[in-house]
Amino acid sequence: MSAFVGKYADELIKNAKYIATPGKGILAADESTGTIGKRLSSINVENIESNRQALRELLFTSPNALTYLSGVILFEETLYQKTSDGKPFVEVLEENNVIPGIKVDKGTVEIAGTNGETTTQGFDSLGARCQQYYKAGARFAKWRSVLKIGPNEPSELSIQQNAHGLARYSIICQENGLVPIVEPEVLTDGPHDIQKCAAVTETVIAAVYKALNEHHVLLEGTLLKPNMATPGSDSPKVAAEVIAQYTVTALRRSVPPAVPGIVFLSGGQSEEEATINLDAMNKLDVLKPWTLSFSFGRALQQSTLKTWAGKKENVAKAQEAFLSRCKANSEATLGKYGGGSAGGLASESLFVKGYKY
Amino acid sequence: MSCFISKYADELTKNAAYIGTPGKGILAADESTGTIGKRLSSINVENVEENRRALRELLFTAPGALQYLSGVILFEETLYQKTASGKLFVVVLKEGGVLPGIKVDKGTVELNGTNGETFTQGLDGLAQRCQKYYEAGARFAKWRAVLKIGANEPSELAIQENANGLAMYAAICQQCGLVPIVEPEILVDGPHDIKKCAEVTERVLAACYKALNDHHVMLEGTLLKPNMVTPGSDSPKVAPEVIAEYTVRALQRTVPAAVPAIVFLSGGQSEEEATLNLNAMNKLQTKKPWSLSFSFGRALQQSTLKAWAGKEENVKKAQDALLVRCKANSEATLGTYKGDAKLGEGAAESLHVKDYKY
């Protein structure tokens, strides 16, 4: 094959397929220490290890929520943390048939000579780190590349750099038993319309799959985490059905059928928006050879966070809020979401201009 | 969109989808004058216009055959020819629910500095020619790029040049209302095994779809005409189920779902082999978001040609032979072929010609 078929091939294929199970999706709980600090400070909670541990314990022990999840992406610190009873988080997840994943990139840096475009770091000792994470129980990884839309952006340089970065990261993961989630996020920032976003998304994803082919990545053992095709943040909103149409068309034009699942990022969308858009895509009556699901961070945790506010007495209520979002998104992956799980918090936009992870 | 939406967009999408109708496929009858000459001489028939016309009339008026075809690819001369009673071939086809197509490339030339690798000519004045063909009734086009497997082949140069040529041709066709069939044929010649063929096919197809994306081609209004993934001609044969598995997997890894149909070339396969392999692919239980059909030249005409032998009194026999192959391949697109087609003379005969020049 042109794909590298190593000793983990069967396992990679099996795990990727499982993560793509209809009715399930991914909780992205891999906020770095800096980023989770911003979330905690928004609810006046101190950014110390025990609070970070408490938040993740709240999420992972939410009664019945894990049924709706096939994977959780963790930050390195969290991979080694335990519940207050001393049970490793990884075990809690595994016992509930949720595959632990790990963020392996080390953030973005600017590409000199461009207008604020970036490339992603994290290659140094990546293979060795992946082996460590595999030993600790991780079975998939995530690496976020970022592109932006502007008069001259994304540039060919940025597209190539990020596509090849994703491809190199992917093959290293596969060599070490981790299913790579390929995430080429095209930011929503800007005044452009949905057609522009769709065109850029198609171009970027096409470049990504060309690079994956060149690097011998086994597509059956990968997942894609793209943005939805939407109008820019400074442009008027459109209906979910329109977003669904443009997004699915773009993906049908660029994502080979061998990829088992596509797990959308939520970007700056509110919890409810993200769910309704995902639902609209799954209701669309057109042939989709991959499952369409979620890999949401903010769009799964926002109301949970606000409800918790760092207080022990709020944990049960916060866990209910979390269960509610998980269930709603599970239904959305089946095109069966009936709406109505939106509290006021769930409709709040989570867009932050020039969002830095 | 990243693709260019021409004024013909809806028509292109509709026609491409129609060609991919399950149960139907394409008859590739676009042999150039030189190539058809070789076929005619193999049955001792003189290569004159009247004989070329007579052969094509035999094919297009074969009773019951057209229902199994969604398209026929023609050579330029044939686009303007008529039946003996004076009816234009394109009208005969249209009345039979068959879209006329047209070969638009002008053959291959060698790439300097390579080991016999080629690229395909035909871009000069292509838009004007396509417009003329559209006016004459053509609704799809075909352009054959050729690559080979060798110690150092296909080279990156050959892959890029041929992918780029296909993409430019495809973009021009769409602007002129013709659905482009994208044909990146990897020759079967060689001692390589099926794994090598699969690897090369995946690499070539990935390059093609990147080029089509770069050139803003609307995939919903295109078709793919690839080789099946098989062992090389000097390698032991394998079962149709193996060919099916490797072929479909290569396509799953490279061909976006927006492409409505994949119409295989037969290469040097015998009529029966080609049908059995296509059938095996359609029986395979796996993700296939495009329909899998045929665009066969030799593998549809071989026994018909032999039965005809250029004689008027053999026309009916020859037309029966064509009907047999059309029906068999139609069933193969549905995965229902039982392998029981009455084999005409030569139906099991390999049609491989080493280093085949079109």
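Side notes on the structure shown:
- A:ASN96 versus B:ASN152: modelled label distance in nm, points set 7 Å from Cα along the beta carbon direction: 5.9 nm
- For the stretch B:8-334, the spread of Cα positions along each principal axis, largest first, Å: 51, 44, 40
- Considering only A:ASN277, A:ASN115, A:ASN96, the mean-square fluctuation computed in a Gaussian network model of chain A, springs between alpha carbons under 10 angstrom, is largest for A:ASN115.
- Taking max minus min of the alpha-carbon positions on each principal axis, the stretch B:160-258 gives extents of 44, 25, 19 Å, largest first.
- For the residues B:THR108, B:THR83, a 1.4 Å probe over the protein chains yields an accessible-area ranking, largest first, of B:THR108, B:THR83.
- Dipole magnitude (debye, nearest 20) for the stretch A:8-334, charges at Cβ of Lys, Arg, Asp, Glu: 380 debye
- Distance between the modelled labels on B:GLN67 and A:GLU175, one decimal in nanometres: 5.9 nm (7 Å Cα→Cβ projection).
- The separation of the stretch B:208-235 from the stretch A:286-321, counted between C-alpha centres, amounts to 42 Å.
- Once C-alpha pairs closer than 8 Å and six or more residues apart are averaged by separation and normalised to the residue number of the stretch A:8-334, the relative contact order reads 20 percent.
- Over chain A, the reciprocal of the mean inverse Cα-Cα separation, the Kirkwood hydrodynamic radius, stands at 20.1 Å.
- Chain A: calculated mean residue ellipticity at 222 nm from DSSP helix runs of at least 4, using -39500 (n - 2.57): -13500 deg cm²/dmol
- The stretch A:240-292, relative contact order [Cα under 8 Å, separation at least 6], %: 59 percent
- Share of carbon and sulfur in the accessible heavy-atom surface of the stretch A:101-179 [1.4 Å probe, %]: 47 percent
- Given R0 = 30 Å, the distance between the Cβ atoms of B:LEU334 and B:LYS87 translates into a calculated FRET efficiency of 0.45.
- Legend: mean number of C-beta atoms from other chains within 10 angstrom of residue C-beta atoms, peptide A:247-260, equals 6.
- For the stretch B:109-139 versus the stretch A:28-96, the gap between their alpha-carbon centres in whole angstrom: 60 Å
- Exposure check, 1.4 Å probe, all protein chains in place: A:THR203 carries approximately 50 Å² of accessible surface.
- The modelled label-to-label distance between A:ASN47 and B:LYS283, using points 7 Å beyond Cα along the C-beta direction, is 6.2 nm.
- Chain B: DSSP helices with Cα axial extent of at least 20 Å and average Kyte-Doolittle hydropathy no lower than -1.0: B:156-175, B:194-214, B:315-334
- Alpha carbon convex hull of the protein assembly as shown, volume per residue in cubic angstrom: 159 Å³
- Annotation: A:ARG139 carries an accessible surface of approximately 60 Å², with a 1.4 Å probe and no ligand, DNA or RNA atoms counted.
- The antiparallel fraction among DSSP beta bridges confined to the protein assembly as shown stands at about 15%.
- Shown for chain A are the DSSP H helices of 24 Å or more along their axis, judged by Cα atoms, with a mean Kyte-Doolittle hydropathy of at least -0.5: A:156-175, A:194-214, A:315-333.
- The orientation-averaged projection of the convex hull spanning the C-alpha atoms of the stretch A:235-339 amounts to 7.4 square nanometres.
- Within the listed set A:SER62, A:SER84, A:SER155, the Gaussian network model of chain A (springs between alpha-carbon atoms below 10 Å) gives the highest mean-square fluctuation for A:SER84.
- Where chymotrypsin sites (Phe, Trp or Tyr not before Pro) fall in DSSP loop in the stretch A:85-151, at most 16 other Cβ within 10 Å: A:PHE123
- When each of B:LYS82/B:LYS311; B:LYS225/B:LYS354; B:LYS225/B:LYS316; A:LYS148/A:LYS283; B:LYS142/B:LYS316 is checked by Cα-Cα distance, pairs over 23 Å: B:LYS225/B:LYS316; A:LYS148/A:LYS283; B:LYS142/B:LYS316
- Across all Cα pairs in the stretch B:271-338, the calculated P(r) in 5 Å bins from zero up to the longest distance comes to 4, 19, 25, 18, 14, 10, 6, 3, 1, 0 percent per bin.
- Interface A:B - total buried accessible surface [probe 1.4 Å, Å², rounded to 100]: 2300 Å²
- With 5 Å bins from 0: P(r) over the stretch A:1-151, alpha-carbon pairs, percent: 2, 8, 15, 18, 18, 16, 11, 7, 3, 1, 0
- Listing of the stretch B:272-296 residues, each with accessible area lower by at least 30 Å² in the full protein assembly than in the chain alone (probe 1.4 Å): B:LYS287, B:PRO289
The values are calculated or read from the model by the stated rules, or taken from the named source; none is laboratory data. Since this is a predicted model, take the numbers as computed values, not measurements. In this analysis, Cβ positions are derived from the backbone assuming ideal geometry, glycine residues included, and neighbour counts consider all displayed protein chains. With ligands, DNA and RNA removed, areas are computed over all heavy atoms of the protein, side chains included. Shrake-Rupley method; radii C 1.70, N 1.55, O 1.52, S 1.80 Å.
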